[in-house]
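One structure below.
The values are calculated or read from the model by the stated rules, or taken from the named source; none is laboratory data. Keep in mind the model is a prediction, meaning the values are calculated, not measured. So basically every Cβ, Gly included, is an ideal-geometry build from the backbone, and we count neighbours across all protein chains shown. Each accessible area value is taken on the protein alone, full model and side chains, heavy atoms only, with ligands, DNA and RNA left out. Shrake-Rupley method; radii C 1.70, N 1.55, O 1.52, S 1.80 Å.
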Amino acid sequence: MKASDIRTKFSEFFISKGHEKIDSSPLIPQNDPTLLFANAGMNQFKDYFTGAAKAANPRAVTVQKCVRAGGKHNDLENVGFTARHHTFFEMLGNFSFGDYFKKEAISYAWEFLTKELGIDKDKLYVTVHESDQEAADIWHQQEGVPRERIFFLGDKDNFWEMGDTGPCGPCSEIFYDHGPEHSDPNADTSKLILNDEVRYVEIWNLVFMQFEKYMEDGQIKRRSLPKPSVDTGAGLERIAAAMTGNYNNYETLLFQPIIQELSRMSGKKYENHLANMRIVADHVRAATMLITDGVIPSNEGRGYVLRRIIRRGVRQLEELGLTEPSMHKLIPQVWEILGEEYPENMRNSSLAEKYIMLEEENFRRTLSTGLDLLNKELKGLKGDTLSGEIAFKLYDTYGFPMDLTEVILREKNLKLDTDGFEKCMEEQKERSRKASDFSASGENQKVFYDLKDKFGETEFLGYKSLTAEVKLLAKEKIGEYYALIFDKTPFYGEGGGQAGDSGEILGGDSIIANILDTQKPVDGLFVHYSKDADGLNVDHHYTLKVNAHQRNLTARNHTATHLLQAALIEVLGDHIKQAGSAVAQDRLRFDFTHPEAVKKSELRKVERIVNEQILKGTDVCAEVMSKDKAMQKGAMALFGEKYGDEVRVIDIPGFSVEFCGGTHVSNTSEIGLFSIISESSLSAGVRRIEAVASNGAFDRVSKRMETLDNLEATLKVKGDDVVGRVEQFMKDLKDKQKEIDELKEKLQAQASGDLFANPESLKGDMVFKAVNAPDGSDLRKLGDLFIDKNPKGVVLITSVKGDKASVFLKTFKGNKDINCSNILKDVLDANGGRGGGKPDMAQGSVDPDKISAVETMVRENLQ
C-alpha cells in the first residue's frame with residue numbers, strides 16, 4: 001500500500017465517522033509564540049482545546065506537516081542514525097473538541113488499524129497511563145485486547161504535553177511488533193517487553209486532553225479544560241513501514257525516490273552510505289517544505305534552524321562526493337512524494353530551489369576550511385571531548401553550527417564541551433591560539449588572504465630540492481611566533497595528512513633562524529613559523545634549508561601509507577576507502593572504511609604484502625596530469641576531496657596509483673621496513689591502523705626482539721618454545737586456581753552445615769535462616785547449599801567487606817508466596833541501601849550497621 005493510499009484511507013475513514021477534513025496548517029505556527037514549528041496535528045486546534053474558540057464541527061481529521069528540529073521537540077541529532085527519527089514528518093490525526101472521548105477514540109483507532117488497514121491484531125500492543133484504569137478497561141472489554149497486551153506506564157511515557165505551556169493529558173499508545181528478528185539483545189524486557197524499542201514501535205498516540213498548563217506569576221500551573229477532548233497522532237512514516245513490510249522508514253516510498261535519485265547523482269550505493277543518504281533525504285524534505293512555507297535561511301530563530309538543516313545536508317553531500325551544489329536537484333523527488341497532499345507548497349517550488357542552492361553555494365565556500373581545522377584539532381585531541389572554544393571558533397569564523405560540530409564528533413564517538421561553547425557565545429571572545437598550534441585563526445585568516453592577493457602563490461620547490469635561495473616577502477607577528485612568507489620555498493606545508501617541514505634559515509653560511517613548522521592556511525600560500533626570526537628583514541634574500549633527515553623519514557612513512565592502502569584493498573576488498581591519515585617522521589596513521597575489526601591473520605598478510613613491495617625496490621613515479629587522465633589511469637582520489645583540472649599522481653607501477661601532493665621516496669626500497677603497531681575502531685564503519693616504517697620500524701622490531709630475549713632467559717627456552725612455555729604456565733595457573741576454588745567450595749559446604757543449622761519455621765512448611773558469612777564467601781553458592789538442604793527454605797546471607805555489607809536473599813523456585821526482589825528492594829531502600837533481582841533471588845548492599853535492621857525487616861516481611 002502506497003503512502004498516498006494510507007493518507008486517503010485515513011481521511012475517508014474519519015469523514016465517514018462525522019469528522020471534517022481540515023487542511024494542514026503551515027509549518028510556521030499561527031498566533032502561537034510558544035512554538036518554533038508546527039510539531040503535531042493539534043497545534044492549529046489549541047484554542048479549541050483551551051476553550052478560547054469554538055470549532056464549527058467538533059470533529060476534525062488532518063494530515064499535518066510537522067518539523068521537529070528545535071526547541072523542546074528536537075529530533076535533529078538522531079536523523080539518519082535511527083530507523084524512525086525525522087526532522088520533517090507527517091502526522092495523521094483525528095480530533096474531538098469536547099465531543100467524543102476515550103471510548104470512541106479507542107474504537108476508531110482499533111477499527112482503522114485492524115479493519116481498514118488489515119493489520120494483524122496479534123502485532124499490536126497498548127499502553128495507558130498508570131492512573132487510567134478506565135482506558136485499560138475499554139481496550140480490554142470493548143476491543144478485546146488481552147490484559148497481558150495492555151501495559152501501565154508513568155508520566156514520562158504516557159502523559160502528553162505540547163510544550164512548557166498548553167493543553168496536556170494522559171495518553172494511550174499503540175505499538176507495532178516488527179517481529180523477533182528485530183529484537184534488541186541489550187534491551188531489558190524482564191518487566192516490560194516494550195522496553196525493546198527496536199522491535200516494538202509506537203505507531204499511534206491517543207491523547208485524552210483534560211488539562212492545560214499555563215504561566216502565572218512566573219510559575220507553571222495546571223487547570224482542567226472546559227470539556228474533555230481527544231487529540232490523536234499517528235506517524236505516517238511508521239504506519240507506511242509497517243504496511244509495506246519494511247522495518248526502516250527510509251525504505252518506504254516516502255524517502256526512496258529521493259534516495260534513488262541521490263544514488264544516481266552520486267554514483268554511490270545506498271547500502272554503502274546509509275546514514276549519509278538518509279540524512280540528505282530527510283533534510284531536503286524538511287528544507288523544501290520549510291522554505292515553501294515561508295521560512296528563509298538566516299542567523300536567528302526559525303531561519304537559523306533551517307540553515308542548520310541545509311548545512312547538515314550539504315556536509316553529507318560532500319561525504320557522498322557531490323562537490324557542486326546538488327541538494328536543490330532533489331526537489332522534484334520531494335514533490336513526487338509530497339506534492340499531491342501539499343499543492344500549496346509545490347507552487348512555491350522555485351523559491352525553494354533558489355534559496356537551497358544559494359545556501360549550499362555560500363556554505364561550500366567555508367566548509368572545506370572549517371572541516372580542515374576541525375579535523376586538525378581532532379587529530380591532536382586528548383581525551384574524548386572537544387573544547388567549546390574550538391567549536392565556537394568554527395561557528396564564529398566559518399559559519400559551522402554547533403549542531404554540525406556535534407554530529408561530526410558523534411560519528412567519531414567524541415563529545416563537545418557545550419558549556420564552554422555557550423560561555424564563548426555569551427562573551428563573544430575569539431579563541432586564544434595555543435603556542436603549539438600554527439593553524440590560522442579567523443583574525444589571521446584575512447591577513448593571509450590579503451598577503452596572497454598581494455604576493456600571489458608561493459612557488460614550491462620541495463619536490464626536487466631541499467634548499468633554495470629565496471626572498472622574504474612578509475613577516476607577521478602572531479602570538480610568540482613569526483609567520484614568514486617567501487617568494488618560493490623548498491619547505492612542504494602541512495596538507496594531505498603529511499606534517500609540515502622544519503629546518504633552518506641561513507644568511508651566508510650561518511644559521512640565523514629556525515623554522516619550526518610550515519603551514520598552508522590559504523591554498524597556495526606557504527607560511528613558515530619561527531620564534532627567532534627577529535633579525536630577518538622583508539625584501540632581503542636568504543637561504544632556506546629543510547631538515548633532510550625529518551623530510552626523508554616523513555617521505556618513507558608517506559609512501560608506506562600508499563602501500564598500506566593498496567595492500568588493504570588486496571586483502572579486504574575494494575570497499576576500502578581512505579577516511580583520513582596522518583604522516584610524520586616517526587609514525588603513520590591510516591583511517592579506512594571497513595565494517596568490522598581486521599583479523600590478526602589479515603593484518604599479518606597486509607604487513608607481509610607491504611614489505612614484499614619494499615623488497616621489490618620499485619621506482620616511485622610522480623607525475624602531473626589532467627584529472628581525466630589520472631582517473632583513466634585508475635588513480636584513487638581522497639574521498640570527498642576537491643581537485644583541479646591538473647593533479648599530481650603517485651604511481652608505484654603494478655601496485656598503487658593515487659592522487660597525492662605529498663613528498664615520497666624515489667624507490668620503495670628506501671623505506672626499509674614496515675610494521676603495524678595497532679588496529680582499532682575509529683567510528684562506526686571506520687577502522688584505524690597505526691604503524692611505523694624505516695627507522696621507526698627497525699626500532700620497534702629491535703625492542704620486541706629484546707623483549708623476546710628477556711623472556712627466553714627468564715623461561716629458559718628458545719624461540720618458538722616461548723609461546724608454548726607461557727601457555728603451559730597459564731594452563732597450570734588456571735588448573736591451580738580451579739583446585740583452590742574446589743577446595744574453597746568443599747570448605748564452604750562443610751562450614752555451611754554449622755552455618756545453616758537450626759533454621760526457624762515460617763508459615764506452612766517453609767523455614768528461614770539469617771546468617772553472616774565471612775568476607776570473600778560466594779553468597780550465591782551458599783544460598784544454593786541452603787536450598788539444597790532446605791527445599792522449602794528462605795535464606796538471608798550478609799557479608800561485610802570494608803564499609804559495605806553485601807546482602808543476599810534466596811528462596812526456592814516457584815515460591816509464589818515470597819518475592820525476594822520486592823522484599824529486598826523495599827527493605828534496603830528503607831535502610832539507605834539498594835538492591836533487586838528476581839522473585840527467587842535478589843541481592844544488594846547496605847551499610848554494615850544496618851544489617852540488624854535489615855534482618856528484622858526481612859523476617860517481618862516473611863511472616
> How large is the Kirkwood hydrodynamic radius of the range 96-136, in angstrom, based on all distinct alpha carbon pairs?
Replying inline: 11.6 Å
> Once the Cβ-Cβ distance between T366 and K838 is put in as r, and R0 is 60 Å, what FRET efficiency do you end up with, to the nearest 0.05?
Replying inline: 0.55
> Taking only protein heavy atoms and a 1.4 Å probe, what accessible area per residue, in Å², does the chain have with all protein chains in place?
Replying inline: 47 Å²
> Excluding ligands and nucleic acids, what accessible area in Å² is computed for R238 using a 1.4 Å probe, to the nearest 10?
Replying inline: 70 Å²
> Hey, rough spin-label estimate for K213 and V198, points 7 angstrom out along Cα→Cβ, what's it come to in nanometres?
Replying inline: 3.2 nm
>> Give me the one-decimal nm value for the distance between modelled label points at K599 and A53, 7 Å along each residue's Cα-to-Cβ direction.
In response: 6.7 nm
>> Compute the angle between helix 820-830 and the longest alpha-carbon principal axis of the chain, please, reported from 0 to 90 degrees and rounded to the nearest 10.
In response: 80 degrees
>> Please state the shape class of the chain: rounded when a/c is under 1.5, otherwise prolate if a/b exceeds b/c and oblate if not, all from the C-alpha gyration tensor.
In response: oblate
> Between D122 and V723, what length in nm is gained on full extension when 0.36 nm per residue of separation is reduced by their alpha carbon distance?
Replying inline: 210.6 nm
>> Using Stokes-Einstein with the Kirkwood hydrodynamic radius over Cα pairs, what translational diffusion coefficient do you get for the range 65-175 at 20 °C and a viscosity of 1.002 mPa s, in µm²/s rounded to a whole number?
In response: 136 µm²/s
> Taking H as built 1.01 Å from N, whose amide H comes closer than 5 Å to the amide H of Q498, not counting residues under 5 places away?
Replying inline: V583
> In terms of solvent-accessible area of protein heavy atoms at a 1.4 angstrom probe, what is the ranking of S761, S349, highest value first?
Replying inline: S761, S349
>> Can you work out the Karplus-derived ³J(HN,Hα) for every residue in the range 795-811? Use 6.51 cos²θ - 1.76 cosθ + 1.60 with θ = phi - 60°, whole Hz, and x for glycine or proline.
In response: 10, 10, 10, 10, 8, 9, 9, x, 9, 10, 10, 7, 10, 9, 10, 9, 9
> Over the range 444-496, what percent of the accessible surface lies on carbon and sulfur atoms, probe 1.4 Å?
Replying inline: 47 percent
> Using a 1.4 angstrom probe with every protein chain in place, what is the largest-first accessible-area order of M277, M265?
Replying inline: M265, M277
> On a 0 to 90 degree scale, rounded to 10, what angle separates helix 442-455 from the longest Cα axis of the chain?
Replying inline: 30 degrees
> Counting only protein heavy atoms and using a 1.4 Å probe, what share of the accessible area of the range 500-540 belongs to carbon plus sulfur, as a whole percent?
Replying inline: 41 percent
> Using modelled backbone amide H atoms (1.01 Å from N, in-plane), which distant-in-sequence or interchain residues come within less than 5 Å of N667's amide H?
Replying inline: V620
> Just by accessible area at a 1.4 angstrom probe, what is the order of E341, E181, E596, E212 from largest to smallest?
Replying inline: E181, E596, E341, E212
> Taking θ as phi - 60°, what are the ³J(HN,Hα) couplings along the range 345-358 by the Karplus curve (6.51, -1.76, 1.60), each to the nearest whole Hz, with x for Gly and Pro?
Replying inline: 6, 4, 5, 9, 4, 5, 5, 5, 4, 5, 6, 5, 5, 5
> Dipole of the chain, Cα-centred, from +1 at each Lys and Arg C-beta and -1 at each Asp and Glu C-beta, to the nearest 20 debye?
Replying inline: 800 debye
>> Suppose the chain between N246 and T189 were pulled fully straight at 0.36 nm per residue; how much longer would it get relative to their current alpha carbon spacing?
In response: 18.2 nm
>> Quick query: amide H of S24 versus all other amide H atoms, modeled in the peptide plane; which residues come in under 5 Å with a sequence gap of 5 or more or a different chain?
In response: V63
> Ordered by packing density, taken as the mean number of other Cβ atoms within 10 Å over each peptide's residues, highest first, how do 312-318, 43-49 rank?
Replying inline: 312-318, 43-49
>> Given the whole protein assembly as supplied and a 1.4 Å probe, what does the accessible area of Y247 come to in Å², nearest 10?
In response: 50 Å²
> Which whole-number percentage describes the relative contact order of the chain, with Cα contacts under 8 Å and a sequence gap of 6 or more?
Replying inline: 6 percent
> At E271 and M730, where each label point lies 7 Å from the Cα along Cα→Cβ, what is the point-to-point distance in nanometres?
Replying inline: 3.8 nm
> What is the percent of Cα-Cα separations in the range 772-863 that go past 16 Å?
Replying inline: 48 percent
> When the accessible area of the range 149-291 is computed with all protein chains present and a 1.4 Å probe, what percentage of it is carbon and sulfur?
Replying inline: 43 percent
> Which value, in Å² and to the nearest 10, is the accessible area of H85 when all protein chains are kept and the probe is 1.4 Å?
Replying inline: 50 Å²
> Which angle between 0 and 90 degrees, to the nearest 10, do you get for helix 695-715 versus the longest principal axis of the chain when only C-alpha atoms count?
Replying inline: 60 degrees
